[in-house]
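The values are calculated or read from the model by the stated rules, or taken from the named source; none is laboratory data. Source: prediction; values computed, not measured. Neighbour counts run over all protein chains shown; Cβ positions are idealised from the backbone, glycine included. Note: accessible area is taken over every heavy atom of the protein model, side chains too, but ligands, DNA and RNA are not part of it. Shrake-Rupley method; radii C 1.70, N 1.55, O 1.52, S 1.80 Å.
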6 protein chains.
Amino acid sequence: MPTTENFSLLAFGAHPDDIEFGCGGVIARETLGGRSVSFVICSRGESATHGTPAQRTREAKRAAALLGATVEFTDLGGDAHFEVSVARVLRLARMIRRGRPGIVLAPSVVENQHPDHAKLGRMVRDAARLARYGGVKELRGLKPHAIGQLLFYAVTPGAEPGDLTRFVIDVSPPDIMRAWTAAMAAHASQAATRDYVELQLTRARLNGLRCGVEHAIPLFADGLPVFNSLEPLARSARRF
Amino acid sequence: MPTTENFSLLAFGAHPDDIEFGCGGVIARETLGGRSVSFVICSRGESATHGTPAQRTREAKRAAALLGATVEFTDLGGDAHFEVSVARVLRLARMIRRGRPGIVLAPSVVENQHPDHAKLGRMVRDAARLARYGGVKELRGLKPHAIGQLLFYAVTPGAEPGDLTRFVIDVSPPDIMRAWTAAMAAHASQAATRDYVELQLTRARLNGLRCGVEHAIPLFADGLPVFNSLEPLARSARRF
Amino acid sequence: MPTTENFSLLAFGAHPDDIEFGCGGVIARETLGGRSVSFVICSRGESATHGTPAQRTREAKRAAALLGATVEFTDLGGDAHFEVSVARVLRLARMIRRGRPGIVLAPSVVENQHPDHAKLGRMVRDAARLARYGGVKELRGLKPHAIGQLLFYAVTPGAEPGDLTRFVIDVSPPDIMRAWTAAMAAHASQAATRDYVELQLTRARLNGLRCGVEHAIPLFADGLPVFNSLEPLARSARRF
Amino acid sequence: MPTTENFSLLAFGAHPDDIEFGCGGVIARETLGGRSVSFVICSRGESATHGTPAQRTREAKRAAALLGATVEFTDLGGDAHFEVSVARVLRLARMIRRGRPGIVLAPSVVENQHPDHAKLGRMVRDAARLARYGGVKELRGLKPHAIGQLLFYAVTPGAEPGDLTRFVIDVSPPDIMRAWTAAMAAHASQAATRDYVELQLTRARLNGLRCGVEHAIPLFADGLPVFNSLEPLARSARRF
Amino acid sequence: MPTTENFSLLAFGAHPDDIEFGCGGVIARETLGGRSVSFVICSRGESATHGTPAQRTREAKRAAALLGATVEFTDLGGDAHFEVSVARVLRLARMIRRGRPGIVLAPSVVENQHPDHAKLGRMVRDAARLARYGGVKELRGLKPHAIGQLLFYAVTPGAEPGDLTRFVIDVSPPDIMRAWTAAMAAHASQAATRDYVELQLTRARLNGLRCGVEHAIPLFADGLPVFNSLEPLARSARRF
Amino acid sequence: MPTTENFSLLAFGAHPDDIEFGCGGVIARETLGGRSVSFVICSRGESATHGTPAQRTREAKRAAALLGATVEFTDLGGDAHFEVSVARVLRLARMIRRGRPGIVLAPSVVENQHPDHAKLGRMVRDAARLARYGGVKELRGLKPHAIGQLLFYAVTPGAEPGDLTRFVIDVSPPDIMRAWTAAMAAHASQAATRDYVELQLTRARLNGLRCGVEHAIPLFADGLPVFNSLEPLARSARRF
């Protein structure tokens, strides 16, 4: 368990724009606050209606740069072709052991979103477990690592889990909103079909209005959060 | 909404020992950390099998002193006779306006515990709402106050709500456990019937084992918690 | 059970602006489509921070007129003072017998909103049941009436029930949005404190984006809906 | 999204009799109303205690004919041998693109029924998503298609999902009940072991009694239903 | 806690026919097995569409006799006029202390049934708690009593709770079904309006078909059941 | 369905110590009561931080002997490498047909525990279904078998399902606790890392305190339990 505040963050996305759309404002908040953040993107968006893999890759790199995160790609079978398997879970577990993050971000496991999202969420969840076990032969050579917390983000409102500990992150400061908006806009190929940017800004505004701030993003904890005191809990979203 | 860390805490209990049994370790953690904590106890335990009202009052005062909290009493119809009414809710709302706490603690509204517990939880929840409205005539003369967060505690494991944001507070430091145990033991009249102290210590130990600490106490947030960054969330109870 | 399409609508609100904020767009959709709609408002908002009862009454009448609905007032103990009682339920049941509506609208019974909202929701739910029973002496002289359906609206997003059949009404046509916005703006006294109009328009836009329409409002059915065929069900909100 | 009432219906069944037993009355209601309905049956029932694959195939064809539906067969690994895979999901997605249905029917994803049922439900759900994405290479040559709604049926009462929007279809008219009963009876090989026909008729009668009609069948919406007005919602099952 | 098998049963009903319709077959099973059963009926059905209070009382007495149970009446405000209050709860608690039952039966607390049903369920639940506390002054003179278990029955399918431990009682033996059917038929005044008897027999048959028996009735445990071994658990309703 | 009390018990564990830690006290209760119990252990714990496969096998055999159970091993891909497949499910179904148990025990399907636990739970659930179907070709030569009940145990508190029928088994007698504790201690290799034995004993003590007994273990029924009378249900855990 991380004992200091200097933990790093590892965020997984199924498609080149999922992290930005689902929790880009949270990423900006962390990197602007000095935290080291890495992205792992698990496809090149090759089944989407718009954008070539090369274009999607460029967009993802540019978006990560705008958010101050590093980015690497991996392949879990291809966009719209993810399948959950232990071999893939172990690949993700190796990445967790290599990066030794304090917090991991992944898409929620709500089954009714894009099939790849929930599958990636399930694989990351399992990967975070296997990264801890000392005897897994495929992971030898990398020291076991127990992450501090796995947080799920929801790429769309329909993917927000109703049965997990939920909270919101205030992303109102203008520099954060600017970085987030720019990172979403970097995925220009996706603007043709759907109003993703407006969807996310509207959702963040609605969450912000509920909390009495400008904009906010919901996240969902896989493990019960542990606190040392009530101090971090003194602020609730109950404004109306 | 409280803007500094110096908010105070107001805890409501239905019977003289409920706060101590349900979340005494959390109280000790806060007072030992320098926070100002007040208790409002809403009966004298006059329907219990053991202990006279006078004895229960003495025990409650001594327990509050051991925890470093001030204590006052109010009457909501008598032990085992609570009834939810707007007049009583307004009485609690006046106390909230007077104390201007950042965080309020109340028993959970899970209906299947002692009937008084859930009724008090519901009345405190409503009181925290009414304390904010500027035009409530019974509250005139006291400035409206919006609390930062309402947290529910569970006097028994069966009263833990399954549908609210849940987290645990680490109460392991020996001075905290000592203060908590002493405060529970101060309710000597209740030791005759049931193993309340053992119940709570066993429960805190089980929650501690799950988090990799010595002892921990679960709490439940009525309002969605809002954070400014991921930093407070880097520690999860997932140890097994 | 109503056998034709010409049923009328009866909407209950706890405070002068609740119906408009919670489901005003749905009301506009129905009245612009030729349906007869009546409002029953159960307080004059006399505990609110802003606005006198007289001012609130004028605003409510004007808003109802803008939506094409008739309005009458009743008193359930006063704003912030509602208490659930059979006598009050029977008063509401008389109104249901008098109006003989096909559909009744009421605020949801989710307990964590303004206490009056959930209390009114529970009383309307009970009133709709008692309106059917032939032998209730306080209701004599008015013919028993079984409504077709009770629908709950949520004044705020936090009051949306998670455990009832949920669906959305498309309120995108410009004349509907214009009428709804004007009706919300008619409650000018409430604009001082909170961004209610922006909250509702943001929420309707988010629901609209999810459905691929401009704006939409969620409702919740108290009784399982019965259909004669699949035809009305061929349109889902799953756009992302 | 289908813009007219003339959408067609595509129903998937894991075994030769699942559609008939789970929602045959709804099928009859639609075909008797003039709608075009196609069945896709995903095994020949070859692991059942009674009936050969040839016999089961004949029974399925005859039942579909009695219901006025066309029928085709596909193979997902064999009865009791279904496994969820992207390749199979894409096969189902091709069928959806070919048929371009407005509404798709599939067995519920409740995990505790026959394992094949939930697996097929999950694959159809994913197939309906993939059918929309323009770049999926295995689907090239068939125009992307977004269905209007995915509805789940429950082959047995234990497979009824508790967490989805639920409603019932009135199937009382005698010609509908006759067609449905005949279609179930066409699966003569299955009558040896269990009282499937009595189970379904008893269940439809119980649902009918609850709604004040003769017989009714419950269905469950995967996507939030969108309506243009309250008119279709004026009839509820609350009769007792 | 009852230590022998010879515990008695106390069943509460809101209206003269509720116990019979909701769980009459279970009552017959127990009395035919030699158990002593008492009914407490809390109104005379005076708000119903059909039947005078005198007629309803006669019907209730005859039905109880057919089931082998004793019956007494109490008044909680009158049919359709129940209100939850501590005074009424204490009245029920006195009855529990007087009868000292091992098991108590009450209508479920699901809020969406007849309002009286859920109110009675809540009052009996509280009464069973207060009956245990030694110091309740209104209960003096009657020895405290802790019941073994509180079981809820559902008068209609819509009142079956989804969140409690659920199980079914096999009521198939012909003498049990005969006694139950006769007891329901004894409420002749109610046969005019609704098909209550058919509703209950259809429901019992559906539950029976699911278990592989003729007829079965669902019940719901308020307290977690405790067993000494797995032996009583070797029979499940999973037949389809 | 088993018709006598002499049914046997078949318990599945993913790793060599799971059955002991999750429900060892229940096993001891049954074997000491004369019931025949068999264990199937599905890995040798080869990915654990401590203990070699040979050592883990010896420990498992010794623990089973201490509990009076027979033990056999099977391989589902290796520790931390389980994958759900029909071939593996059929292997488990063969074991069920061979053993013809009345009750089967398996780890819960709650997804958030060790990934292997939930996967085994799902495979056993499916295996119990397939064991019944007469035409499954891989199972030929072994007579179809319908088990009486599938019960889930939870290896850790976090794996306790919230949505299944739950109950507890009293395991207080000293000979039972002695056998259970010895069986857990037999897994000496696992004592190095985590306080598993203390976790389980603390958990059993907390459950015991809630029921008024010394120690108790929770179990979860996959199928709705069927009883012939209320007699087994007269004891509830509601002590506080």
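Miscellaneous remarks
- None of E:54, E:87, E:48, E:69 is closer than 28 Å to residue F:234 by Cβ and among the small types (Gly, Ala, Ser) except E:69.
- Taking the conditions (1) among the acidic types (Asp, Glu); (2) at pLDDT below 95; (3) more than 22 Å from residue A:149 (Cα to Cα) in turn, residue A:79 satisfies each one other than (2).
- Which listed residue is open to solvent by less than 10 Å² (accessible area, probe 1.4 Å) and aliphatic (A, V, I, L, M), from C:123, C:177: C:123
- Any hit, segment B:46-66, residues being polar (S, T, N, Q) and within 16 Å of residue B:169 (Cα to Cα): no
- Matching residues in segment A:29-45 - criterion: being crowded, with 24+ Cβ neighbours inside 10 Å, part of a loop (DSSP other than H, G, I, E, B) and modelled with pLDDT of 95 or more: A:42, A:43
- The set of residues in segment A:165-174 that are open to solvent by 30 Å² or more (accessible area, probe 1.4 Å) and either of a type in the set (A, V, I, L, M, F, W, C) or within 27 Å of residue A:112 (Cα to Cα) (or both) contains only A:166.
- Residue check for residue E:183: in contact with a helix residue (DSSP H, G or I) (Cβ under 7 Å, 6 or more places away or on another chain), more than 14 Å from chain F (Cβ to nearest Cβ) and crowded, with 20+ Cβ neighbours inside 10 Å: yes
- Residue list for segment B:186-198, restricted to those being surrounded by 17 or more Cβ atoms within 10 Å (Cβ to Cβ) and in a loop (DSSP other than H, G, I, E, B): B:186, B:187
- Summed over segment E:201-240, residues that are assigned to a helix (DSSP H, G or I) and either open to solvent by less than 30 Å² (accessible area, probe 1.4 Å) or under 23 Å from residue F:104 (Cα atoms) (or both) total 12.
- Scanning segment A:188-228 for residues that are among the hydroxyl-bearing types (Ser, Thr, Tyr) and at pLDDT 95 or above turns up just one, A:202.
- Checking each residue in segment F:22-44 for being under 20 Å from residue F:122 (Cβ atoms) and touching a residue at least 40 places away in the same chain (Cβ under 8 Å) picks out F:22, F:23, F:40, F:42, F:43.
- Any hit, segment B:9-28, residues being farther than 24 Å from residue B:160 by Cα, in a loop (DSSP other than H, G, I, E, B) and modelled with pLDDT of 95 or more: no
- Filter pass, residue E:58 being within 30 Å of residue B:77 (Cβ to Cβ), free of Cβ contacts under 8 Å to residues at least 40 places away in the same chain and open to solvent by 10 Å² or more (accessible area, probe 1.4 Å): no
- Only one entry in B:48, B:63 is part of a helix (DSSP H, G or I) and touching an Asp or Glu at 6+ places or on another chain (Cβ under 9 Å), namely B:63.
- Of all the residues in segment F:194-229, those that are farther than 17 Å from residue E:149 by Cα, within 12 Å of chain E (Cβ to nearest Cβ) and small (Gly, Ala, Ser) number 3.
- Identity of the residue in segment C:145-159, farther than 15 Å from residue C:25 by Cβ and aliphatic (A, V, I, L, M), that ends up surrounded by the fewest Cβ atoms within 10 Å (Cβ to Cβ): C:146
- Flag for residue C:167 being among the aromatic types (Phe, Trp, Tyr), more than 16 Å from residue C:20 (Cα to Cα), outside any helix (DSSP H, G or I) and facing chain D (nearest Cβ under 7 Å): yes
- Positions within segment A:92-148 being more than 23 Å from residue D:125 (Cα to Cα), in a loop (DSSP other than H, G, I, E, B) and facing another protein chain (nearest Cβ under 10 Å), in sequence order: A:101, A:102, A:132, A:133, A:134, A:135, A:136, A:144, A:146, A:147, A:148
- Residue list for segment B:147-166, filter: at pLDDT below 95 and touching a Pro at 6+ places or on another chain (Cβ under 8 Å): B:159, B:160, B:165, B:166
- The single residue among E:39, E:21 that is among the aromatic types (Phe, Trp, Tyr), within 10 Å of another protein chain (Cβ to nearest Cβ) and within 30 Å of residue C:87 (Cβ to Cβ) turns out to be E:21.
- Only listed residue being open to solvent by 10 Å² or more (accessible area, probe 1.4 Å), more than 14 Å from chain E (Cβ to nearest Cβ), of a type outside the set (A, V, I, L, M) and part of a loop (DSSP other than H, G, I, E, B), chosen from C:77, C:162: C:77
- Residues in segment E:225-237 that are in contact (Cβ under 8 Å) with a residue 24 or more places away in the chain and touching a Phe, Trp or Tyr at 6+ places or on another chain (Cβ under 6 Å): E:225 only.
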